[in-house]
Amino acid sequence: MPTQRIVVLAGGIGGARFLRGLKSAVPGADITVIGNTGDDIHLFGLKVCPDLDTVMYTLGGGIHEEQGWGRAGESFAVKEELAAYGVGPEWFGLGDRDFATHIVRTQMLAAGYPLSAVTEALCERWRPGVRLLPMSDDRVETHVLIDDLDAGAPARKAVHFQEYWVRLRAGVPAHAIIPVGAEEAKPAPGVLEAIAAADVILFPPSNPVVSIGTVLAVPGVREAVAAASAPVVGLSPIVGDAPVRGMADKVLAAVGVESTAAAVAGHYGSGLLDGWLVDTVDAGAVEAVEAAGIRCRAVPLMMTDTEATAAMAREALALAEEVRA
Ligand code: GDP
Ligand code: CA
C-alpha cells in the first residue's frame, strides 16, 4: 500500500495529544499538521505561538506532560526578573526554556523569514515526525468581545484571546469571537496543496471555535477541505455534554452552538464532515448526527494514554475508509 497522506487541522493540547496517538497508530504515514496561529501573541517583544509550540514540544518529547503545554523541567527566572521590574503580564506563563524558542522565532522573523520557514527551522531541533505548517504566514489574532465593566455606561470591548482565556479564565460572557486579520490572510505555503493531495483529512478533538474554526477561517482553507477528494473525519472534543478539558463550552456558546457532540458535528456540517466520532457515553447522539448526513460512530474518546489515543486514531481512519467505500 502506498504511504498514506494524512492532513490534520490542529489546535494545542487536544490536537497534539491526538497526533501522538495517530503517529503511533500509523508509524509510516505522511502527516501534515495545519496549526492554529490565532492564539499567537506578542509578549515582551517576542512572538509566541502557543499552539504550534504545543504540537512541536508534544511530538518532539519536550512537553510538560501533566500541564499539557510548555516545557518539561521548566524554571521561571526570566519571568521573576521581569516582574521585579514591574514588567508583565504576570498571568501568562513563560518559562526560561520556552523563552529561548520565542527568541529564536522572533529573531528569524525580524530577519525576514516567514513563520512557516521559522517553524520548519524550530522543528529541525524537535523532529516532531510530522510536517508542521502554520495555517498562515500572515498575522491573525483571535479577539473576544466581552462586556466592558470599566466603562460608565453599558459597553463592550474586544480583548486578545489569551487575555480572555488565560487571565479571565473565560469567566465573563463572550459575545463574539473575531479572528482579526483572517479575511486578508493567505494560507501558508503548502497548506492548500496538502489538503488537495490528502488521502484522509482529520479534525482532532481540538476546540471547534478557536482552534479548528480559526484555521478554517483563513480564506481558501474551508473551501479546500470541502472540495477535497479525501474523506474528512472529526473526533468530538465534547464528551458527555462538556469539554473534556478547558472551556470550549464558553466559546461554543458565543457562536450559538450547544456543548454537545451532536451540535459540534452540526456546526461543522455535512458540507465539511463525512464522518464524526462521539464518545461511547454519547452513543445516543449517533442517530441525530447521521440524520444530518454525517456518518457517525460511538467509540471511547478519552486520550488517557498513547495506546488509548492510537485506538481513537484507528477508529477515525476506519471510519474514513467506510465513507470512502
Ligand atoms: P488548546 O489549543 O490547547 O486549547 O487545544 P485544542 O484546541 O487542540 O484542544 C482543546 C480541546 O481538547 C478541548 O475542547 C478538550 O475538550 C479537548 N480534549 C482534551 N483532552 C481530550 C480527550 O482526552 N478526549 C477528547 N475527546 N477531547 C479532549
Ligand atoms: Ca490554542
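Could we say that PHE99 is assigned to a helix (DSSP H, G or I), open to solvent by less than 40 Å² (accessible area, probe 1.4 Å) and of a type outside the set (D, E, K, R) here?
Working: assigned to a helix (DSSP H, G or I): yes; open to solvent by less than 40 Å² (accessible area, probe 1.4 Å): yes; of a type outside the set (D, E, K, R): yes.
When the stated conditions are applied, PHE99 passes them.
Just for the range 2-18: of the residues that are part of a loop (DSSP other than H, G, I, E, B) and within 9 Å of ligand 2 (Cβ to nearest atom), which one is farthest from VAL33 (Cα to Cα)? Checked the range 2-18; the qualifying residue farthest from VAL33 (Cα to Cα) is GLY12. I'm checking my understanding of the structure. Among residues of the range 217-226 that are in contact (Cβ under 8 Å) with a residue 24 or more places away in the chain, of a type outside the set (Lys, Arg) and assigned to a helix (DSSP H, G or I), which one is most open to solvent (accessible area, probe 1.4 Å)? If we take residues in the range 217-226 being in contact (Cβ under 8 Å) with a residue 24 or more places away in the chain, of a type outside the set (Lys, Arg) and assigned to a helix (DSSP H, G or I), then ALA226 is most open to solvent (accessible area, probe 1.4 Å). Taking the range 119-151 as the range and being more than 26 Å from VAL218 (Cα to Cα), more than 21 Å from the chain's Cα centre (by Cα) and not in a helix (DSSP H, G or I) as the test, the residues that pass are ASP147, ASP148, LEU149, ASP150, ALA151.
From the list ILE238, ILE212, ILE195, pick out the single residue that is more than 16 Å from ligand 1 (Cβ to nearest atom) and open to solvent by less than 10 Å² (accessible area, probe 1.4 Å). If you could, list the steps in order and put the result at the bottom.
Numbers: ILE238 fails: more than 16 Å from ligand 1 (Cβ to nearest atom); ILE212 fails: more than 16 Å from ligand 1 (Cβ to nearest atom).
Step by step, each of ILE238, ILE212, ILE195 is checked, and only ILE195 is more than 16 Å from ligand 1 (Cβ to nearest atom) and open to solvent by less than 10 Å² (accessible area, probe 1.4 Å).
Of the residues making up the range 60-71, those that are open to solvent by less than 30 Å² (accessible area, probe 1.4 Å) and under 14 Å from the mean Cα position of the chain (by Cα) number 1.
Of all residues in the range 11-22, which are among the small types (Gly, Ala, Ser) and within 6 Å of ligand 1 (Cβ to nearest atom)? Those that are among the small types (Gly, Ala, Ser) and within 6 Å of ligand 1 (Cβ to nearest atom): GLY11, GLY12, GLY14, GLY15.
This table checks each residue for (1) touching a Gly at 6+ places or on another chain (Cβ under 7 Å); (2) surrounded by 19 or more Cβ atoms within 10 Å (Cβ to Cβ).
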site	(1), (2)
PRO114	no, no
LEU133	yes, yes
ALA174	no, yes
ALA182	no, yes
LYS186	no, no
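Counting the residues of the range 160-172 that are assigned to a loop (DSSP other than H, G, I, E, B) and surrounded by fewer than 17 Cβ atoms within 10 Å (Cβ to Cβ) gives 4. Whether any residue in the range 303-311 is assigned to a helix (DSSP H, G or I), in contact (Cβ under 8 Å) with a residue 12 or more places away in the chain and farther than 26 Å from GLU65 by Cβ is what I want to check. No. When the range 35-62 is limited to residues that are in a strand (DSSP E or B) and touching a residue at least 60 places away in the same chain (Cβ under 8 Å), the one that is nearest to ligand 1 (Cβ to nearest atom) turns out to be GLY35.
Within the range 63-77, is even one residue in contact with a Ser or Thr (Cβ under 6 Å, 6 or more places away or on another chain) and assigned to a loop (DSSP other than H, G, I, E, B)? Yes, that holds for at least one residue.
Residues checked against (1) more than 24 Å from CYS296 (Cβ to Cβ); (2) outside any strand (DSSP E or B):
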{"site": "ALA153", "(1), (2)": "yes, yes"}
{"site": "ALA158", "(1), (2)": "yes, no"}
{"site": "LEU192", "(1), (2)": "yes, yes"}
{"site": "ILE195", "(1), (2)": "no, yes"}
{"site": "VAL209", "(1), (2)": "no, yes"}
{"site": "VAL215", "(1), (2)": "no, yes"}
{"site": "ALA230", "(1), (2)": "no, yes"}
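The values are calculated or read from the model by the stated rules, or taken from the named source; none is laboratory data. Every value quoted in this text rests on a predicted model; they were computed, and no experiment measured them. Reconstructed Cβ throughout: ideal geometry from the backbone, glycine too, with neighbour counts over all protein chains shown. Calculation scope for accessible area: heavy atoms of the full protein, side chains included, ligands and nucleic acids excluded. Shrake-Rupley method; radii C 1.70, N 1.55, O 1.52, S 1.80 Å.
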